[in-house]
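A.B. asks: Attaching a single structure in structure tokens format; questions to follow.
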Amino acid sequence: MTLTAKKIALSEKYTELFYANQSKLDEDSSNLFNRMREIAFKRFEKAGIPGFKNENYKYTNLERVFGKNYRHVFEYEKVDVDLNEAFRCDVPQLDTHVVLLVNGWYYAKNQPLENLPKGVVVGSIKQIANEKPELVESYLNRQAGLSDDPMVALNTAFAQDGFFMYVPDHVVFERPVQVINIMRSEDPVFTTQRNLIVAGKNSQTKVVFCDHTMSDCEFLANNVTEVFVGDDAVVDVYTIQNQNNKANSVNSSFFKQGANSNLLTSVATLHGGLIRNNLKVEFAGEHAEANVYGISFTDKKQHVDNYTNIEHAQPNCLSNQVYKNVLDEDSVGAFTGRIHVVRDAQKTNAFQRNNNVLLTDSAQMNTKPQLIIDADDVKCSHGATIGQIDEDALFYLRARGIGEDDARMMLMNAFAHEVVQKIRIEPLRDRIDELVEKRLKGELAKCHSCDKN
Amino acid sequence: MFRQGAQNSELETTENMLTIKNLRVAVEGKEILKGINLEIKAGEVHAIMGPNGSGKSTLGNVLAGKEEYEVLDGEVIYEGEDLLERSAEDRARMGLFLGFQYPVEIPGVPMVNFIKTSVNEHRKYKGLEPLTAGEFLKLMREKKELVHLDSQLTNRSVNEGFSGGEKKKNEIFQMAMLEPKLAILDETDSGLDIDALKVVSDGVNALKDPSRSTIVITHYQRLLDYIVPDFVHVLYQGRIVKSAGKELALELEEKGYDWLKTENV
Ligand SMILES: Nc1ncnc2c1ncn2[C@@H]1O[C@H](COP(=O)(O)OP(=O)(O)OP(=O)(O)O)[C@@H](O)[C@H]1O
Ligand SMILES: [Mg+2]
């Protein structure tokens, strides 16, 4: 087959899949989702699965993973998950509310969360969209729907369930919510998860997503998360990606921030196959601050691509981005950081940095800043480095009696630490430090065995 | 061939702490050290002087085990062992210490972790238990006082944002923590004010005992007023072209190196 023929075949495959299953999709979902499907699917069809020709997916060809055959989950599947095993991923010393999602669906045996602050709602987006549509309706797809990314449209077309959280105005929700996303199947499975977090005006909340696999087969996930940060709100969203190396995923996150709001979002990628993280922040009010961080460790044939897009649509906002990658063996990394400062967004501060360490000659890193600045009174900076371990630093440590392996470890930990130390939940920071160290020592083969190894 | 250092016979080699024989070293294909001979006995202080680029730091780095240097010929015996066979970390654990001319900044590696790991690696090599947190902190406090190292500096990353003088003091602080048998101090005096020079010298002298030796690489006679050498060597274009007692340093201060260049080349 020629490339174009392949592309058409791939596109037809999804067209067939959608129309053959549309009624099934509708059956086990809320009407709020169902009414978006067809329009979204048509949008997807126009572009299809992004290949190398798509400028935004230049470094990550999705055709390969999306071209394979998967089982699709169109209704809630009864699975039994050993909660003890799943909760081993729990963060010690960190008192969290824990909820579990399996293959993108809210796990039916989740215990109802107790002692939530008044008005806080946490649960299955499908269920809440049915029972309290007023909490969901004015937010669902309001950010994601503006995206021209076909993967986001594909998610909207197929989405049925996911994680939902609502924190009313002025509520300080102290206890972090930990969302454990588990992929588990005996055969390759394709999942679509749709998450929505709404933090009201002057509220505070913290969410930790942990992506794990509990079986060794191939997965493909196409996820979308929308986060609405109200005026004066403070929101933290952390993600730990630690799946088997055959688990591929596209994760698109959208943050919309009100005036004076403060966002910190950070992703740590430890294990996984092909991972593409799209992140968009849009400032919808002045004096808002977004801190966006990422750290990844890759080896073997891992492929991690972070694509960020900060939309400075309002004056006086601040964005800070630091992304770091440590690439070993034949792994491939990419970072694209787009910053757009609109004409009237004066006094914008936008900073971006991407630092990478290549541990082998065959590891590859692609990095591309993209600054579009239409205002004149702004402070913007960007910088990218691709280098090796600092040999002088290594010698300095060894010359003090520290063994070569330990010295390398210290330097890589130090490299990662700049990102890890920004985490605003101390026990989580310690936990990630520990995971990073295990990852570097090669002791973190599978997430759920983190304690076993 | 010019004979350097203590006038030992070959038979006495084993009594030396360090014996360097005909050491030839290249960097990136260029020969930098062109046959160094040097013998150092326990308790001795040797000063190495010489113009910029003559190979002084190269000698220090090769002894400490920097891998980018290619040893073309010669041997180095330290405490009866073939030093060049050992890794950099083992050399350090065996009691060899290099005070760097340009200490490296290592952002993200906290000073305390670094020193603690270093001290405990040295102890492990000797078959000793790691220090307890309390013992370690006490030792660190003692040694910081010894070299008047600002207490706050150990809360930072290794050398990060340290001033030139603070970096040098930090080298001496590490030396005091590790109590090496053979310390090679590469221009530890440059960048120090008079008070700091005194403090650093006191730090070195405090460690002085008949079982320890020191090599001081310096451009200035003034350091040698505080750390009095038994021998002064002049390194020029990769060779030791003159060795004598401490009076040589004074002579160099007065006359510069030109007279040696014409004498030997
Ligand atoms: N890593 C290296 N790569 C290339 N050349 C080097 C390297 N290290 C040293 N050299 C060269 O070797 C020569 C000797 O350098 P070295 O640093 O040993 O001199 P030095 O005597 O310590 O000088 P100074 O008094 O300026 O400190 C110089 O010409 C230097 O450029
Ligand atoms: Mg030098």
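A.B. asks: In segment B:42-66, how many are within 11 Å of ligand 2 (Cβ to nearest atom), more than 23 Å from residue B:205 (Cβ to Cβ) and β-branched (Val, Ile, Thr)?
C.D. replies: Looking only at that region, the number is 1.
A.B. asks: Does at least one position in segment A:27-34 carry a residue that is closer than 14 Å to residue A:155 by Cα, out of contact with any Leu (no Cβ under 7 Å at 6 or more places or on another chain) and part of a helix (DSSP H, G or I)?
C.D. replies: Checked segment A:27-34: at least one residue is closer than 14 Å to residue A:155 by Cα, out of contact with any Leu (no Cβ under 7 Å at 6 or more places or on another chain) and part of a helix (DSSP H, G or I).
A.B. asks: Give the number of residues within segment B:139-167 that are within 14 Å of chain A (Cβ to nearest Cβ) and within 16 Å of ligand 2 (Cβ to nearest atom).
C.D. replies: Within segment B:139-167, residues that are within 14 Å of chain A (Cβ to nearest Cβ) and within 16 Å of ligand 2 (Cβ to nearest atom) number 1.
A.B. asks: Right, residue A:338: in a strand (DSSP E or B) and within 14 Å of chain B (Cβ to nearest Cβ) or not?
C.D. replies: no
A.B. asks: A further question follows. Condition (residue is within 14 Å of ligand 1 (Cβ to nearest atom) and away from every other protein chain (no Cβ under 12 Å)) applied to segment B:82-90: is it met by at least one residue?
C.D. replies: No, segment B:82-90 contains no residue that is within 14 Å of ligand 1 (Cβ to nearest atom) and away from every other protein chain (no Cβ under 12 Å).
Yes/no per residue for (1) crowded, with 22+ Cβ neighbours inside 10 Å; (2) touching a Gly at 6+ places or on another chain (Cβ under 8 Å); (3) at pLDDT 95 or above; (4) closer than 20 Å to residue A:436 by Cα:
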site	(1), (2), (3), (4)
A:259	no, yes, yes, no
A:263	yes, no, yes, no
A:267	yes, yes, yes, yes
A:274	yes, no, yes, yes
A:280	yes, no, yes, no
A:302	yes, yes, yes, yes
A:318	no, no, yes, no
A:322	no, yes, yes, yes
A:337	yes, no, yes, no
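A.B. asks: Write out, first by first residue and then by second, each pair whose Cβ atoms fall under 7 Å of each other, whose residues are 6+ apart or on separate chains, and whose first residue, in segment B:166-180, is more than 20 Å from residue B:152 (Cβ to Cβ) while the second is in a helix (DSSP H, G or I) and modelled with pLDDT of 95 or more.
C.D. replies: That search, which allows pairs on different chains as well, returns B:178/B:118; B:178/B:119; B:178/B:122.
A.B. asks: Quick check on segment A:55-63. Is at least one of its residues part of a helix (DSSP H, G or I), among the polar types (S, T, N, Q) and in contact with a helix residue (DSSP H, G or I) (Cβ under 6 Å, 6 or more places away or on another chain)?
C.D. replies: Pass one, segment A:55-63, residues part of a helix (DSSP H, G or I): A:55-57, A:63.
This time we only want the ones that are among the polar types (S, T, N, Q), so: A:56.
Restricting the remaining residues to those that are in contact with a helix residue (DSSP H, G or I) (Cβ under 6 Å, 6 or more places away or on another chain) gives none.
Within segment A:55-63, none of the residues are part of a helix (DSSP H, G or I), among the polar types (S, T, N, Q) and in contact with a helix residue (DSSP H, G or I) (Cβ under 6 Å, 6 or more places away or on another chain).
A.B. asks: Would you pick out the residues in segment B:65-99 that are more than 22 Å from residue A:409 (Cα to Cα) and not in a strand (DSSP E or B)?
C.D. replies: B:79, B:80, B:83, B:84, B:85, B:94, B:95, listed by residue number.
A.B. asks: Restrict the check to segment B:238-260 and report whether at least one residue is within 16 Å of ligand 1 (Cβ to nearest atom), more than 14 Å from chain A (Cβ to nearest Cβ), at pLDDT 90 or above and touching a Lys or Arg at 6+ places or on another chain (Cβ under 7 Å).
C.D. replies: yes
A.B. asks: Looking only at segment B:175-190, count every residue that is touching an Asp or Glu at 6+ places or on another chain (Cβ under 8 Å) and at pLDDT below 95 and tell me the total.
C.D. replies: Quick first cut of segment B:175-190, residues touching an Asp or Glu at 6+ places or on another chain (Cβ under 8 Å) only: B:181, B:185, B:188.
Keeping just the survivors that are at pLDDT below 95 gives B:188.
Of the residues in that region, 1 qualify.
A.B. asks: Inside segment B:67-81, can you point out the residues that are open to solvent by 10 Å² or more (accessible area, probe 1.4 Å), away from ligand 2 (no atom under 16 Å from the Cβ) and either in contact (Cβ under 8 Å) with a residue 24 or more places away in the chain or more than 14 Å from chain A (Cβ to nearest Cβ) (or both)?
C.D. replies: B:70, B:71, B:72, B:73, B:74, B:75, B:77, B:79, B:80, B:81
A.B. asks: Could you tell me which residue of segment A:131-150 is farthest from residue A:50 (Cα to Cα), considering only residues that are part of a helix (DSSP H, G or I) and touching a Leu at 6+ places or on another chain (Cβ under 7 Å)? Walk me through it before giving the result.
C.D. replies: The initial filter retains those residues of segment A:131-150 that are part of a helix (DSSP H, G or I), namely A:131, A:133-137, A:144-146, A:150.
Subsequent filtering for residues that are touching a Leu at 6+ places or on another chain (Cβ under 7 Å) retains A:133, A:136-137.
On the way: A:133: 33, A:136: 29, A:137: 29 Å.
Selected residue: A:133.
A.B. asks: Also: For segment B:119-132, does any single residue satisfy the condition of being assigned to a helix (DSSP H, G or I), facing chain A (nearest Cβ under 8 Å) and open to solvent by 30 Å² or more (accessible area, probe 1.4 Å)? I'd like the intermediate steps shown before the answer.
C.D. replies: Of segment B:119-132, the ones assigned to a helix (DSSP H, G or I) are B:119-125.
Then drop every residue that is not facing chain A (nearest Cβ under 8 Å), which leaves B:121-122, B:125.
Next cut, open to solvent by 30 Å² or more (accessible area, probe 1.4 Å) only: B:125.
Yes: one or more hits.
A.B. asks: May I ask you to list the residues in segment B:192-219 that are within 13 Å of ligand 2 (Cβ to nearest atom) and in a loop (DSSP other than H, G, I, E, B)?
C.D. replies: B:218, B:219
A.B. asks: Hey, among B:55, B:65, which residue is within 24 Å of residue B:249 (Cα to Cα), modelled with pLDDT of 95 or more, among the small types (Gly, Ala, Ser) and within 16 Å of ligand 1 (Cβ to nearest atom)?
C.D. replies: On the way: B:65 fails: within 24 Å of residue B:249 (Cα to Cα).
Answer to the check: B:55.
A.B. asks: So residue B:89 passes all but one of these: (1) within 26 Å of residue B:189 (Cβ to Cβ); (2) touching a helix residue (DSSP H, G or I) at 6+ places or on another chain (Cβ under 7 Å). Which condition number does it fail?
C.D. replies: Status for residue B:89: all satisfied but (1).
A.B. asks: Quick check, is residue B:181 under 14 Å from the mean Cα position of the chain (by Cα), surrounded by 15 or more Cβ atoms within 10 Å (Cβ to Cβ) and within 14 Å of chain A (Cβ to nearest Cβ)?
C.D. replies: On the way: under 14 Å from the mean Cα position of the chain (by Cα): yes; surrounded by 15 or more Cβ atoms within 10 Å (Cβ to Cβ): yes; within 14 Å of chain A (Cβ to nearest Cβ): yes.
Yes.
A.B. asks: Hey, another quick one. Restricting the search to segment B:182-214, which residues are more than 24 Å from residue B:16 (Cβ to Cβ), more than 16 Å from ligand 1 (Cβ to nearest atom) and of a type outside the set (A, V, I, L, M, F, W, C)?
C.D. replies: Those that are more than 24 Å from residue B:16 (Cβ to Cβ), more than 16 Å from ligand 1 (Cβ to nearest atom) and of a type outside the set (A, V, I, L, M, F, W, C): B:193, B:195, B:198, B:201, B:202, B:203.
A.B. asks: Yes or no: residue B:98 away from ligand 1 (no atom under 16 Å from the Cβ), crowded, with 17+ Cβ neighbours inside 10 Å, under 30 Å from residue B:30 (Cβ atoms) and at pLDDT 95 or above?
C.D. replies: Criteria not met by residue B:98.
A.B. asks: Given the conditions (1) open to solvent by 20 Å² or more (accessible area, probe 1.4 Å); (2) within 16 Å of ligand 2 (Cβ to nearest atom); (3) at pLDDT 95 or above, report the number of the one that residue B:36 does not fulfil.
C.D. replies: In the conditions (1) open to solvent by 20 Å² or more (accessible area, probe 1.4 Å); (2) within 16 Å of ligand 2 (Cβ to nearest atom); (3) at pLDDT 95 or above, residue B:36 misses (1) alone.
A.B. asks: Next question, about the same structure. Which residues, taken from segment B:97-118, are closer than 15 Å to residue B:178 by Cα, more than 16 Å from ligand 2 (Cβ to nearest atom) and facing chain A (nearest Cβ under 9 Å)?
C.D. replies: Answer for segment B:97-118, where residues must be closer than 15 Å to residue B:178 by Cα, more than 16 Å from ligand 2 (Cβ to nearest atom) and facing chain A (nearest Cβ under 9 Å): B:97, B:113, B:114, B:115, B:117, B:118.
A.B. asks: Moving on to the next point. Within segment A:159-246, considering only strands (runs of 3 or more DSSP E) that don't extend past its boundaries, which have at least 3 residues that are within 21 Å of residue A:428 (Cα to Cα)?
C.D. replies: Answer list for segment A:159-246: A:177-183, A:204-213, A:234-242.
A.B. asks: What is the one condition in (1) away from every other protein chain (no Cβ under 14 Å); (2) assigned to a helix (DSSP H, G or I); (3) closer than 24 Å to residue B:38 by Cβ that residue B:171 does not satisfy?
C.D. replies: (1) is the only condition that residue B:171 fails.
A.B. asks: I'm trying to understand the selection: among the residues of segment B:220-240, which are of a type in the set (Lys, Arg) and outside any strand (DSSP E or B)?
C.D. replies: B:222
The values are calculated or read from the model by the stated rules, or taken from the named source; none is laboratory data. Treat the numbers as computed from the prediction; the structure is a model and nothing was measured. Neighbour counts run over all protein chains shown; Cβ positions are idealised from the backbone, glycine included. Only protein heavy atoms, including side chains, enter the accessible area calculation; ligands, DNA and RNA are left aside. Shrake-Rupley method; radii C 1.70, N 1.55, O 1.52, S 1.80 Å.
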